[in-house]
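Heads up, the thing below is written out as structure tokens.
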Amino acid sequence: MTTHAFGAHAADQPLVAMAIQRRAPGPLDVQIDIAYCGVCHSDLHTVRSEWPGTLYPCVPGHEIVGHVSAVGDAVSGFNVGDVVGVGCLVDSCRHCASCEEGLEQYCTSGMVGTYNGRTTDAPGHTLGGYSQRIVVDQRFVLHVRHPQAQLAAVAPLLCAGITTYSPLRHWGAGPGKKVGIVGIGGLGHMGVKIAHAMGAHVVAFTTSEAKRHEIHQLGADDVVNSRDAAQMQAHVGSFDFILNTVAAPHVLDAYTALLKRDGTLCLVGAPAAPHPSPNVAELIFHRKAIAGSLIGGLPETQEMLDFCAQHGIVADIEMIAAHDIDAAYARMLNSDVKYRFVIDCATMGV
Ligand code: NAP
Ligand code: ZN
Ligand code: ZN
């Protein structure tokens, strides 16, 4: 069936309205009428071919919430009318060691992304949530248990929420742990809220002095201007864990120096160009680690959604219409977003 969408025909083209096709629901499929879709920095990296391999037309969007409008005959967990979400992946091999553990994002055959992933559906690659409808196998659909009025602000949990929750859980953020969050954009602001709710002592690192007051309100115990050497120096050797969400290349040594012995700097920001090589002696002499983490699997994404519902956590959002997406990208590149743009998908095709 034909669905209204917004996407780009080439890396140097703006996003425009387009009509795309969605498959009719198969036996295990859930058809979702999309209400809102968050705008992730990965959407921008992909649609502008900042990362290799973008296929066009490119319809980004992997922070999807909406209502079930049809289900296949064999669907067991979802009914028409349910409030649901879809995050960054819509398929995987389902039988490798990672898939069996519910870590589908690390599928050894390669998970299928919600956009720019391989599929037999037209046009041969997946098209994402900047659209009014999507059809997804039930294994990759999540239940949303927040109050309906918060639905738009739930959307960013599907990527920004899980991408910060998963490493915070994995590296044991909680009471007695000092945790840093670097870059207070879409991911970082969720990281501050979630780490705070987990009970950690949270320090936020920002290049935007103007965000200081708000970042405290998000739940940070301390806010450091990362461009101020004296403020950075005050935290040397004190962190158990630092989560770095910055989308641009920068010197990582500034953060490895802040770790305790055995501490970990986890990178989730994925800049188009590499970071300068880190100071290896800093790692060797204090058994410090630089690690990475990719979104989260389906069971953990549901756990994160339920954790956020229990703790009353949603994203701080600014709602936009579909034709404002390119302007939103420009503001995101200027770190001028508080803290996630969310598209009202009802504005597509209008
Ligand atoms: P975002 O909303 O643009 O936030 C990034 C923040 O980083 C900015 O708000 C800014 O915060 C800071 N920043 C930007 N440029 C900087 C610079 N040159 N130096 C230092 N700090 C800078 O982006 P996002 O949506 O959170 O995504 C962040 C990155 O994570 C992107 O590369 C994205 O592709 C990646 N990502 C990875 C995963 C994964 O699974 N690993 C999942 C989703 C996204 P301040 O104003 O506070 O400094
Ligand atoms: Zn994302
Ligand atoms: Zn697999």
The one condition in (1) within 27 Å of residue 255 (Cα to Cα); (2) open to solvent by less than 60 Å² (accessible area, probe 1.4 Å) that residue 277 fails to fulfil: (2)
Residue in segment 4-53 that is surrounded by the most Cβ atoms within 10 Å (Cβ to Cβ), counting only those that are within 16 Å of ligand 1 (Cβ to nearest atom) and acidic (Asp, Glu): 43
Check on residue 92, in the same structural domain as residue 40 (by TED's automatic domain parsing), hydroxyl-bearing (Ser, Thr, Tyr), out of contact with any Leu (no Cβ under 7 Å at 6 or more places or on another chain) and within 16 Å of ligand 3 (Cβ to nearest atom): yes
Residue list for segment 132-148, restricted to those being among the polar types (S, T, N, Q) and either in a strand (DSSP E or B) or within 13 Å of residue 78 (Cα to Cα) (or both): 138
Matching entry among 344, 324, 316 (being under 15 Å from the mean Cα position of the chain (by Cα) and open to solvent by 40 Å² or more (accessible area, probe 1.4 Å)): 316
Per-region count, segment 13-42, residues touching a helix residue (DSSP H, G or I) at 6+ places or on another chain (Cβ under 8 Å) and within 23 Å of residue 319 (Cβ to Cβ): 11
Those residues of segment 76-104 which are more than 14 Å from residue 66 (Cβ to Cβ) and among the acidic types (Asp, Glu), in sequence order: 91, 100, 101, 104
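Per-residue answers, yes or no, for (1) closer than 19 Å to residue 268 by Cα; (2) open to solvent by 30 Å² or more (accessible area, probe 1.4 Å):
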{"residue": "160", "(1), (2)": "yes, no"}
{"residue": "164", "(1), (2)": "yes, no"}
{"residue": "186", "(1), (2)": "yes, no"}
{"residue": "192", "(1), (2)": "yes, no"}
{"residue": "196", "(1), (2)": "yes, yes"}
{"residue": "204", "(1), (2)": "yes, no"}
{"residue": "225", "(1), (2)": "no, no"}
Verdict on residue 305 being open to solvent by 20 Å² or more (accessible area, probe 1.4 Å) and among the hydrophobic types (A, V, I, L, M, F, W, C): no
Failed item in (1) out of contact with any Ser or Thr (no Cβ under 8 Å at 6 or more places or on another chain); (2) open to solvent by 20 Å² or more (accessible area, probe 1.4 Å); (3) more than 30 Å from residue 48 (Cα to Cα); (4) assigned to a loop (DSSP other than H, G, I, E, B), with residue 70 passing the rest: (4)
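Okay, residues lined up against (1) within 16 Å of ligand 1 (Cβ to nearest atom); (2) in contact (Cβ under 8 Å) with a residue 40 or more places away in the chain; (3) open to solvent by 40 Å² or more (accessible area, probe 1.4 Å); (4) assigned to a loop (DSSP other than H, G, I, E, B):
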position: 55; (1), (2), (3), (4): no, yes, yes, yes
position: 60; (1), (2), (3), (4): yes, yes, no, yes
position: 77; (1), (2), (3), (4): no, yes, no, yes
position: 80; (1), (2), (3), (4): no, no, yes, yes
position: 90; (1), (2), (3), (4): yes, yes, no, no
position: 99; (1), (2), (3), (4): no, no, no, no
position: 150; (1), (2), (3), (4): no, yes, yes, no
Residue check, residue 215 out of contact with any strand residue (DSSP E or B) (no Cβ under 7 Å at 6 or more places or on another chain), within 11 Å of ligand 1 (Cβ to nearest atom) and open to solvent by less than 20 Å² (accessible area, probe 1.4 Å): no
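The values are calculated or read from the model by the stated rules, or taken from the named source; none is laboratory data. Quantities reported herein were computed from a predicted structural model and do not represent experimental measurements. Backbone-built Cβ (ideal geometry, glycine too); neighbour counts: all protein chains shown. Side chains included, ligands, DNA and RNA excluded: accessible areas come from the protein's heavy atoms. Shrake-Rupley method; radii C 1.70, N 1.55, O 1.52, S 1.80 Å.
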